[in-house]
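Working notes, beginning with the structure itself.
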Amino acid sequence: MRERLPLFAGICLFVFAILSMSLFTVDQRQHALVFQLGEVKEVISEPGLNAKLPFIQNVRYFDKRILTMDTPEPERFI
């Protein structure tokens with residue numbers, strides 16, 4: 001039993017590392033884009049805990065609070 005303890009600890013550490021790379025959170029002030037091999041696979045706008053495939057998918061976050069106005073003429077400010 002004593003010689004199996006390092007093996008068991010290594011396996012638990014490996015499983016924890018893979019699980020931590022598979023989960024991500026989206027804040028209520030953010031949008032998240034999930035990329036798979038450089039291609040957009042999913043757009044997540046709802047806050048919460050989500051899952052992805054580690055090493056294959058990447059997540060980029062964008063702020064929802066950015067406001068832009070598309071006007072034909074620029075407005076003058078004093």
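A few points about this structure:
- Just so you know, the Cα atoms of the chain work out to an Rg and Dmax of 20.9, 78 Å.
- Computed [θ] at 222 nm, deg cm²/dmol, the chain (DSSP H ≥ 4; -39,500 (n - 2.57); rounded to nearest 500): -8000 deg cm²/dmol
- Relative to the dominant Cα principal axis of the chain, helix 5-22 is inclined by about 10°.
- Projecting the Cα atoms of Ala51, Val15, Leu33 onto the charge dipole of the chain (Cβ charges, centred on the Cα centre) puts Val15 farthest toward the positive pole.
- Basic side chains Lys and Arg get +1 at the Cβ, acidic Asp and Glu get -1 at the Cβ, and with that the dipole of the chain about its Cα centre reaches some 440 debye.
Taken together, the values in this text are just the output of simple stated rules run on the coordinates, not laboratory data. Everything numeric in this text was worked out from a predicted model, so none of it was measured. Please note: Cβ atoms are built from the backbone with ideal geometry, for glycine as well, and neighbour counts cover all protein chains shown.
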